[in-house]
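Notes for the one structure printed next.
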Amino acid sequence: MNTNSGFHPLRRVFAAGEGLLDRALCIVGAVLFAQTPEFIQQYLQRLGGRLDEARRQLAQLNDVAVKSGMTLDQLVADTASSSDPAVVRLGGLVHATASRVDSLAAADEAIRHASLFTRPFVFLRHFDPSIARATASIYRPAVPTTLEGLLYALLGMLILLCAYHYGVKYPVRRAWRARAARRARPPGTAAANPS
């Protein structure tokens, strides 16, 4: 009887600590997951800047083609058949710039028009490591006050709480109960049960 009453204050301390841990996990989950739409927004700004620059370069190359009396495709074909390696490389640059504009434009369009819940997956599908590194190098965490930011914050709270309760708390509690049950058995009963 005395042993049980001695554990009541400890139980209250553990319960209070568990409540604090739940609140801390809610805050951490909300702040972490709310960064997803914010990072994607800043990534899109970088992506848009790179797209504008690639389009500007392509427009200059197109201007060269027009002044030479041909289309951009004709310029690429003409340079590819040249015997001068430098001219061939220039044609490759024109082709690569046109491909880059198409790729960046497709990524920008897809990410901007993705739905609230598909945006992270579309973002990952069109992920460009160099743009992500450039975004991360100047990224400053922020808590967006949009509906999207709120939904991601709630999702983060749920995921971290579920991970803690179902991945840590319940398995540990079950293992402790099993251990206590084994200790509570009189010697010799454990050996009789397996049969």
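The values are calculated or read from the model by the stated rules, or taken from the named source; none is laboratory data. Please read these numbers as outputs of a predicted model, since none were measured by experiment. Virtual Cβ from ideal backbone geometry, glycine too; neighbours counted across all protein chains shown. We work out accessible area using only protein heavy atoms, side chains counted, and drop any ligands, DNA or RNA first. Shrake-Rupley method; radii C 1.70, N 1.55, O 1.52, S 1.80 Å.
In a fully extended conformation the segment linking residue 185 and residue 155 would gain 6.5 nm over its present Cα-Cα distance, using 0.36 nm per residue.
Given R0 = 35 Å, the distance between the Cβ atoms of residue 127 and residue 77 translates into a calculated FRET efficiency of 0.60.
Neighbours of residue 44 by Cβ distance under 14 Å: Lys/Arg scored +1, Asp/Glu scored -1, total -2.
Each of 47, 103, 74 was placed along the dipole of segment 15-134 (beta-carbon charges, centred on the mean Cα), and the one lying farthest toward the positive end is 47. Evaluated with a Cβ-only charge set (Lys, Arg +1; Asp, Glu -1), segment 41-150 carries a dipole of roughly 420 debye about its Cα centre, given to the nearest 20.
One Cα centroid belongs to segment 50-77, the other to segment 18-42; the line between them spans 46 Å. Its relative contact order, with pairs defined as Cα atoms under 8 Å and 6+ residues apart, puts segment 58-135 at 19 percent. How high is the relative contact order of the chain, given as a whole-number percent (alpha carbon pairs under 8 Å, six or more residues apart)? Over the chain, the number comes to 38 percent. Ignoring ligands, DNA and RNA, what percent of the 1.4 Å accessible area of the chain is carbon and sulfur? Looking at the chain in its full context, I get 64 percent from C and S. Basic side chains Lys and Arg get +1 at the Cβ, acidic Asp and Glu get -1 at the Cβ, and with that the dipole of the chain about its Cα centre reaches some 1900 debye.
Residues in the chain average 68 Å² of solvent-accessible surface per residue, probe 1.4 Å, ligands and nucleic acids excluded. The order of 81, 103, 130 by accessible area, most exposed first and with a 1.4 Å probe, is 81, 103, 130. Given the alternatives [x] 1.86; [y] 1.01; [z] 1.20, Cα Rg over 2.2 N^0.38 Å as computed for this entry is given by [x].
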